[in-house]
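Visitor: Okay, here's the structure, questions in a sec.
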Amino acid sequence: MRAQSPRSRRECLGELVQIDGSDHEWFEDRGPRCTLLVYVDDATSSLMELYFARSESTFDYFTSTTAYLRRHRKPVAFLQRQGGDLQGQRQRSQGRRRKHAVWPSDGRPQH
């Protein structure tokens, strides 16, 4: 496997927002296992939105993205790793590299 060179960070707040979900026992024995959806600004590394959901589902991404947009308005682009829970947990467990897609404001993905 070849090492991938790091991508340069964006210069301005709101230019690129990275989105990812993390399934974990966040509340230990005090609550059910859940997924934390996280929105991170690429330029500042600021946590812009945090949303606990039952799973990493399309519906939960719509709900959390709506909350993000109401609070921070529309970014230039979102970045989400492909091959995560939305596209199958098996890809991760088989050690395949995850691809990335940038979703600009016009809604058309760029790979």
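The values are calculated or read from the model by the stated rules, or taken from the named source; none is laboratory data. Just so we're clear, the structure is a prediction, and the values are computed from it rather than from any experiment. Cβ atoms come from the backbone with ideal geometry, glycine included; neighbour counts cover every protein chain shown.
Visitor: What number of residues in region 15-48 are surrounded by fewer than 18 Cβ atoms within 10 Å (Cβ to Cβ) and assigned to a loop (DSSP other than H, G, I, E, B)?
Guide: Qualifying residue count for the region: 11.
Visitor: Then there is this: Which residue pairs have Cβ atoms under 8 Å apart, sit 6 or more places apart or on different chains, and have a first residue in region 39-63 that is within 15 Å of L79 (Cα to Cα) and free of Cβ contacts under 8 Å to residues at least 60 places away in the same chain and a second that is basic (K, R) and surrounded by 13 or more Cβ atoms within 10 Å (Cβ to Cβ)?
Guide: D42/R10; A43/R10
Visitor: Look through R98, R7, R90 and report the one residue that is over 16 Å from the mean Cα position of the chain (by Cα), assigned to a loop (DSSP other than H, G, I, E, B), basic (K, R) and at pLDDT below 80.
Guide: Details: R98 fails: over 16 Å from the mean Cα position of the chain (by Cα); R90 fails: assigned to a loop (DSSP other than H, G, I, E, B).
Answer to the selection: R7.
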